[in-house]
Amino acid sequence: MICLGIESTAHTLGIGIIDNKKIIANEKKMLFGKGIHPRKTADHHACVFDEILTAALNKAEVSLKDIDRVAFSQGPGIGPCLRVSSVGARAIGLMYDKPVFGVNHCVAHIEISKFMTGLKDPLIVYVSGGNTQIIVREGIHYSVLGETLDIGIGNMLDNFAREINENGAREIELLAKSGKEYVQLPYSVKGMDMTFTGLQTDAIKKINRIRKEDLCFSLQETAYSMICEAAERALALTKKRSVVVCGGVAQNKRLQEMLKTMADDWKCKFGVAANEFNADNGAMIAYVGSIMKKEKRLAIKNCIPIQKYRTDQFTF
Ligand code: FE2
């Protein structure tokens, strides 16, 4: 079965194609800049849609007539951006008479990571710009054991990066490598929940007093320790035998290292997918679309964005 997946929750327009669990295309274009302007980003996605769709079809050597299913990221995400994938999926579904499936973006990150790492039932640490959650699979849906009570960790890192005239979390990771001295910053874990705004505010206040590299180093160490503590508590509770980290911030090597150390201490396996699948991409949407029950097909009138679509609301 060939499934085409469209991703457009935030800064990336991605279109992936999967053929019987083999990814045959994963094309994308991202709008770079400091922060995300909803309308400008949605305009970008609409403008490059045809280009990315054509590139994906050419790479996969298939035509739209060959597609068996169309899947789109239904949420969570930025409203105007989400609208691009839902309109695209509706158009292809109507024009070529193909069934359309709405996919939860968070579940797509989880499922593609499980598929890539081969870990079937892990504790999932999902870290991205808009989300930070500790998750386990329970039956036909995922349960969120702990999560950020304010902003996503990636959002916090990006906000701080802009305050020091850098683009985002990637630059913080580079600067942190030259950091030597740890400075105390607010650390806030409540059970398996976390908060990041206090940490962000205090780090910003220290910008002119502390060397940039040391501040980035301290910010990463504090935020990632909070994630590890919440994840470790969930691991002790659920007794899972493996840990998977996924989402945009999962690309950070220091976070991977800290979570692996924690997993090793519990004699658990640790897994992380390649960066291509932790960054937003269409292949993960196509993958989930291909494993959903056919009864989950959406009527065209229901192919609409769900801006605050929670991980635990999605069923296969
Ligand atoms: Fe994402």
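When region 197-232 is examined, which residues are found to be open to solvent by less than 10 Å² (accessible area, probe 1.4 Å) and acidic (Asp, Glu)? Across region 197-232, there are no qualifying residues. The helices (runs of 4 or more DSSP H) located wholly in region 196-282 that include 3 or more residues which are in contact (Cβ under 8 Å) with a residue 12 or more places away in the chain and over 23 Å from the mean Cα position of the chain (by Cα) occupy 197-205, 212-238.
Residues satisfying the criterion are absent from region 273-290 (criterion: away from the ligand (no atom under 16 Å from the Cβ), in contact with a Leu (Cβ under 6 Å, 6 or more places away or on another chain) and not acidic (Asp, Glu)). In region 118-141, the residues that are on the phi > 0 side of the Ramachandran plot and open to solvent by less than 60 Å² (accessible area, probe 1.4 Å) form Cβ pairs under 8 Å with partners that are of a type outside the set (Phe, Trp, Tyr) and not in a loop (DSSP other than H, G, I, E, B), at six or more places apart or across chains, as follows: GLY118/GLY271.
Yes/no per residue for (1) crowded, with 19+ Cβ neighbours inside 10 Å; (2) touching a residue at least 60 places away in the same chain (Cβ under 8 Å); (3) of a type in the set (Phe, Trp, Tyr):
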| residue | (1), (2), (3) |
| --- | --- |
| ILE18 | yes, yes, no |
| GLU27 | yes, yes, no |
| LYS34 | no, yes, no |
| ASP43 | no, no, no |
| SER73 | yes, yes, no |
| PRO76 | yes, yes, no |
| CYS81 | yes, yes, no |
| VAL84 | yes, yes, no |
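Against the list (1) open to solvent by 30 Å² or more (accessible area, probe 1.4 Å); (2) in a helix (DSSP H, G or I), the condition TYR287 fails is (1). When the test is whether a residue is more than 16 Å from the ligand (Cβ to nearest atom) and among the hydrophobic types (A, V, I, L, M, F, W, C), LEU185 passes it.
The values are calculated or read from the model by the stated rules, or taken from the named source; none is laboratory data. If you're wondering where the values come from, they're calculated on a predicted model, not measured in any experiment. Cβ: placed from backbone, ideal geometry, glycine included. Neighbour counts: every protein chain shown. We work out accessible area using only protein heavy atoms, side chains counted, and drop any ligands, DNA or RNA first. Shrake-Rupley method; radii C 1.70, N 1.55, O 1.52, S 1.80 Å.
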